[in-house]
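Some notes on the structure that comes next.
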Number of protein chains: 2
Amino acid sequence: MGRQGGSVRADTADGAAGELVRARRRELGLTQQDLASAAGVSRQTIISMETGDYAPSVYLALRVAGTLETTVEALWGAG
Amino acid sequence: MGRQGGSVRADTADGAAGELVRARRRELGLTQQDLASAAGVSRQTIISMETGDYAPSVYLALRVAGTLETTVEALWGAG
DNA sequence: AGTATGCGTCACGTCAACTTGACATGTCAA
DNA sequence: TTGACATGTCAAGTTGACGTGACGCATACT
């Protein structure tokens, strides 16, 4: 794998979710790639999710929340 | 607004969520337009959400779940 | 009959969700 | 130093999320 990149930005989000995802991912000792593989998306998608204002689909959000052993509300509902 | 239409289909979903959204909406005595307005989307989006296999964004899902007084997991996590 | 409401379809447009790929940086170990 | 690993940026492409507007079709109510 390795080195990917891209632009994936939204305007619907507020960025707070990204920090929560990142924090929870680190708590579990997962790399972005680990999370990406577990959630079935590319690493770039995870990067965008954590760093940018990004609005994933419900299904992706559910897979990420599941992988991080938490809920969609806890990660994205915080506002 | 009134009478809308359009094509909004996905392949990520399984259709089960649509039935749950519809059932919950009816329980609360809301019309599709009511839910659409409350969630800040068009009626067509609600139609697609209920009838088709459709993958809304997390934020839309959260607003719909909130309006329907339930959770994202309850509506889309059922499988 | 006419009219209004609720639901769905057809058709088309815009922008974002997600992709792949190459490159840069910093850290840690051999 | 060399190199692997983790994270991030820049760029460009495909598909789908969501919008708008018009139409069909029931089921009401008047």
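The values are calculated or read from the model by the stated rules, or taken from the named source; none is laboratory data. Only a predicted model underlies this, so the values are computations on that prediction, with no experimental measurement involved. Every residue, glycine among them, receives a Cβ derived from its backbone with ideal geometry; neighbour counts consider all protein chains shown. The protein model used for the area step is the full one, side chains on, heavy atoms only, and it has no ligands, DNA or RNA in it. Shrake-Rupley method; radii C 1.70, N 1.55, O 1.52, S 1.80 Å.
Miscellaneous remarks
- The selection criterion, being over 15 Å from A:ALA16 (Cα atoms) and in a helix (DSSP H, G or I), does not hold for A:LEU30.
- Residues of segment A:37-54 that turn out to be surrounded by 20 or more Cβ atoms within 10 Å (Cβ to Cβ) and within 11 Å of chain B (Cβ to nearest Cβ), as a count: 2
Every residue, every condition in (1) modelled with pLDDT of 95 or more; (2) open to solvent by less than 40 Å² (accessible area, probe 1.4 Å); (3) within 14 Å of chain B (Cβ to nearest Cβ); (4) over 20 Å from B:TYR59 (Cβ atoms), yes or no:
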{"position": "A:ALA10", "(1), (2), (3), (4)": "no, yes, yes, no"}
{"position": "A:GLY18", "(1), (2), (3), (4)": "no, yes, yes, no"}
{"position": "A:LEU28", "(1), (2), (3), (4)": "yes, no, no, yes"}
{"position": "A:VAL58", "(1), (2), (3), (4)": "yes, yes, yes, no"}
{"position": "A:VAL64", "(1), (2), (3), (4)": "yes, yes, yes, no"}
{"position": "A:THR71", "(1), (2), (3), (4)": "yes, no, yes, no"}
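- Reported count of residues in segment A:31-51, each being near DNA strand C (Cβ under 8 Å from one of its atoms) and more than 25 Å from B:LEU75 (Cα to Cα), is 4.
- Segment A:39-67: number of residues that are under 11 Å from the mean Cα position of the chain (by Cα) and either within 13 Å of A:GLU19 (Cβ to Cβ) or assigned to a helix (DSSP H, G or I) (or both): 20
- If you go through segment A:20-34 and keep only what is near DNA strand D (Cβ under 8 Å from one of its atoms) and of a type outside the set (D, E, K, R), you end up with A:LEU30, A:THR31, A:GLN32, A:GLN33.
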